[in-house]
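Take a look at the structure set out below.
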Amino acid sequence: MTIESHGGNKVAEILSQFSTTHIFTLCGGHISPILTGCNQMGIKVVDVRHEATAVFAADALARMTGRVGVAAVTAGPGLTNTITAIKNAQMAQVPVLIIGGATATVLKNRGSLQDIDHLALVKSITKYSQTIKRVRDLQPILQKAVHRANTGTPGPVFVEIPVDILYPESIVREWYGLKSGSGKMPWWMSTYLNWNVDRIFKSKDKKDQYVTDVKKSKISSLQLTRFRELMQSSEKPILLIGSQTMQGMENEKALVESIRRLNLPTYVSGMARGLLSESSLPIYRHERKSILKEADVVILAGVPNDFRLDYGRHINRKAKLISINLNRTDLYLNRKPILALQHHPAEFLVKVSDSVQHINRDTWHHHIQERNTKKENTINEQASTNVGKVNPMRFFSLLNGFLNDGDIIVADGGDFVATASYILKPKSMRGWLDPGVFGTLGVGAGFILGAQLSSPDAVVWAIYGDGAFGYSLIEFDSFVRHKIPVIAIIGNNAGWVQIARDQKEFLKDAVSTELAPSNYHDAVEALGGKGFIINEESEIEIVLEKAKTAAMKGFAVAVNVMIKDTDFRQGSISM
């Protein structure tokens with residue numbers, strides 16, 4: 001039986017024009033033609049167990065590849081389940097296209113199943129949102145959405161497609177009762193319905209295009225001159241590089257070389273932690289707060305003065321501030337820079353590094369290196385302390401020995417993950433994925449999918465707190481079905497420790513922060529994966545070797561590490 005071409009096929013054809021390789025979803029009646037159309041087009045349909053996971057996966061794929069990530073969700077609760085994930089993509093400035101199903105055009109606002117005002121819901125958390133009302137509008141509107149997602153400050157976009165746009169015209173006429181010939185329908189109703197179907201499918205094969213108008217900001221000679229002057233007069237400069245610098249970056253080698261030529265003491269955060277894989281770069285990991293108090297020039301490359309810099313108060317108040325950011329608001333957030341550059345940070349660093357005069361700052365580098373070495377020694381001492389069960393600092397020190405070039409680290413949690421960020425050493429330029437400024441728990445499963453599918457030869461290591469792992473557990477079913485190898489490391493101390501630490505100290509009550517020391521590894525085994533447990537430090541290397549071997553054979557693996565609380569991050573909660 002030949003199936004008539006339909007709107008879902010057209011959506012798949014359009015997505016293929018954007019080099020879409022995967023679409024993430026949880027099935028629903030409103031979007032079935034999109035999924036079948038993508039499957040027939042060769043776009044891999046990756047179905048998961050919660051819609052938020054689908055958007056997180058699209059987010060991660062976009063970060064890893066530089067292409068827009070795509071998720072399709074059904075109407076009503078299908079979309080509402082994604083709100084946190086969409087907001088996370090917006091705050092992390094990641095280009096994601098969310099395609100939402102909707103009730104038939106003739107049933108809108110008439111009490112149809114799962115019919116809500118989707119556009120009003122997503123307006124504040126997307127760069128662009130639109131409803132498609134005719135088949136011929138699929139191409140120009142989807143093209144416009146993808147263009148908007150990628151230009152300026154990248155971010156998520158939403159396109160709503162009613163179900164009668166997606167099915168073949170003959171089926172839609174049957175749904176409307178226009179092919180029954182029963183004569184039971186009032187003439188005015190059949191006239192209206194015929195008009196609506198004609199409107200939907202008229203010129204359905206016409207290929208309208210959205211004409212993009214790309215206006216790329218240019219770096220002026222005046223800006224370059226001012227930057228050079230500030231560098232030449234500076235004795236203690238600091239370069240901070242954030243995730244935005246890595247987003248949409250076309251030439252990784254050029255960025256690395258620019259950082260090497262500038263030779264400024266550098267600190268990295270977010271996705272920029274992947275730069276730590278380049279051991280020759282002047283990147284330091286510790287004592288950032290105290291060093292910023294000594295700096296005379298601070299360059300913020302894709303880093304806003306938000307809570308992570310204590311709203312700018314971490315920086316010496318007398319320091320000259322240079323801000324490079326795609327987002328105008330972030331350029332001036334909480335503290336006015338002496339030089340504000342609304343450009344892609346990576347592009348600017350590459351451009352300016354060609355002409356900045358080399359200045360010997362060995363004394364400044366040596367000072368920072370001494371501070372870093374002292375902190376490293378302190379960490380090593382704390383890692384060697386016997387705390388009973390497993391010392392998380394000791395665990396991560398040993399885990400470093402199992403990471404190979406090209407591996408990817410996914411971070412989903414609070415205290416355990418933050419400890420990892422001080423110790424683990426990423427092994428590739430895009431080797432670190434965390435939620436970003438929103439601090440969202442639950443990104444893990446989606447990020448694992450996006451990372452592994454974009455880099456199938458890499459080993460993905462997911463670092464979980466036991467609280468955060470609760471969001472991802474059921475998705476091991478998805479990993480098994482889609483043959484996604486991963487090694488999930490669960491720091492199990494039976495609690496939401498980052499919250500409990502301050503709550504117990506200041507409020508003397510641990511209510512709601514306590515969990516059970518659950519056998520998460522057994523649950524993963526029940527879902528078809530491989531599970532291991534580490535109860536004491538003598539087991540760490542043995543179990544990690546077994547876990548890596550299992551992952552290399554294609555298994556989804558969970559390692560349940562029974563850790564002991566430490567005071568390493570005492571007083572670390574951010575507000």
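Structure summary
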read-out: Some residue of the range 395-412 being among the β-branched types (Val, Ile, Thr), in a helix (DSSP H, G or I) and modelled with pLDDT of 95 or more; value: no
read-out: Ile116 vs. criteria at pLDDT 95 or above and either buried (at least 24 other Cβ atoms within 10 Å of the Cβ) or among the β-branched types (Val, Ile, Thr) (or both); value: no
read-out: Number of the condition not met by Pro426 [criteria: (1) modelled with pLDDT under 95; (2) closer than 22 Å to Gln244 by Cβ]; value: (1)
read-out: Selected residue (only one of Thr191, Thr266, Thr225 is within 31 Å of the chain's Cα centre (by Cα) and either β-branched (Val, Ile, Thr) or over 24 Å from Trp364 (Cβ atoms) (or both)); value: Thr266
read-out: All positions within the range 403-426 that are of a type in the set (Val, Ile, Thr), more than 18 Å from the chain's Cα centre (by Cα) and buried (at least 22 other Cβ atoms within 10 Å of the Cβ); value: Thr419
read-out: Segments classed as helices (runs of 4 or more DSSP H), wholly inside the range 1-112, with at least 2 members that are closer than 30 Å to Arg308 by Cα; value: 51-65, 83-92
read-out: Criterion violated by Ser124 - all others in (1) of a type outside the set (A, V, I, L, M, F, W, C); (2) closer than 20 Å to Ala58 by Cβ; (3) outside any helix (DSSP H, G or I) satisfied; value: (3)
read-out: Verdict on Ser323 being among the polar types (S, T, N, Q), out of contact with any His (no Cβ under 9 Å at 6 or more places or on another chain), under 19 Å from Leu230 (Cα atoms) and assigned to a strand (DSSP E or B); value: yes
read-out: Check on Leu292, touching a residue at least 12 places away in the same chain (Cβ under 8 Å), in contact with a His (Cβ under 6 Å, 6 or more places away or on another chain), on the phi < 0 side of the Ramachandran plot and buried (at least 19 other Cβ atoms within 10 Å of the Cβ); value: yes
read-out: Candidates Ala54, Ala75, Ala60, filtered to the one that is more than 17 Å from the chain's Cα centre (by Cα) and of a type outside the set (Phe, Trp, Tyr); value: Ala75
read-out: Some residue of the range 290-299 being under 30 Å from His147 (Cβ atoms) and in contact with a helix residue (DSSP H, G or I) (Cβ under 8 Å, 6 or more places away or on another chain); value: no
read-out: Every residue from the range 263-298 that is assigned to a loop (DSSP other than H, G, I, E, B) and hydroxyl-bearing (Ser, Thr, Tyr); value: Ser269, Ser279, Ser280, Tyr284
read-out: Qualifying residue in the range 308-328 (condition: in contact (Cβ under 8 Å) with a residue 60 or more places away in the chain, of a type in the set (Asp, Glu) and under 28 Å from Leu424 (Cβ atoms)); value: no
read-out: Test: Glu160 is closer than 26 Å to Ala120 by Cβ and either surrounded by fewer than 23 Cβ atoms within 10 Å (Cβ to Cβ) or in contact with a Gly (Cβ under 7 Å, 6 or more places away or on another chain) (or both); value: yes
read-out: Helices (runs of 4 or more DSSP H) within the range 482-563 that include 2 or more residues more than 22 Å from Gly414 (Cβ to Cβ); value: 520-526, 540-552
read-out: Residue, farthest from Val352 (Cα to Cα), within the range 298-314, restricted to residues that are crowded, with 22+ Cβ neighbours inside 10 Å and among the hydrophobic types (A, V, I, L, M, F, W, C); value: Leu309
read-out: Residue within the range 325-346 that is surrounded by 18 or more Cβ atoms within 10 Å (Cβ to Cβ), charged (D, E, K, R) and under 18 Å from Leu262 (Cα atoms) present; value: no
read-out: Some residue of the range 335-345 being within 27 Å of Ile423 (Cβ to Cβ), touching a residue at least 24 places away in the same chain (Cβ under 8 Å), touching a helix residue (DSSP H, G or I) at 6+ places or on another chain (Cβ under 6 Å) and not aromatic (Phe, Trp, Tyr); value: yes
read-out: Scope the range 142-157; condition surrounded by fewer than 22 Cβ atoms within 10 Å (Cβ to Cβ) and more than 16 Å from Gly66 (Cβ to Cβ); matching residues; value: Gln143, Lys144
read-out: Looking only at the range 366-380, and only at residues there that are in contact (Cβ under 8 Å) with a residue 24 or more places away in the chain and within 17 Å of Ser279 (Cα to Cα), the one that is surrounded by the most Cβ atoms within 10 Å (Cβ to Cβ); value: Ile368
read-out: Condition check for Leu441: part of a helix (DSSP H, G or I), assigned by TED's automatic domain parsing to the domain that holds Gln498 and buried (at least 17 other Cβ atoms within 10 Å of the Cβ); value: no
read-out: Selection within the range 251-284 - closer than 14 Å to Met64 by Cβ and surrounded by fewer than 17 Cβ atoms within 10 Å (Cβ to Cβ); value: Glu252
read-out: Test: Ala462 is within 23 Å of Pro304 (Cβ to Cβ) and either assigned to a strand (DSSP E or B) or touching a Ser or Thr at 6+ places or on another chain (Cβ under 8 Å) (or both); value: no
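The values are calculated or read from the model by the stated rules, or taken from the named source; none is laboratory data. The model shown is predicted, which means the values in this text are computed figures rather than measured ones. In this analysis, Cβ positions are derived from the backbone assuming ideal geometry, glycine residues included, and neighbour counts consider all displayed protein chains.
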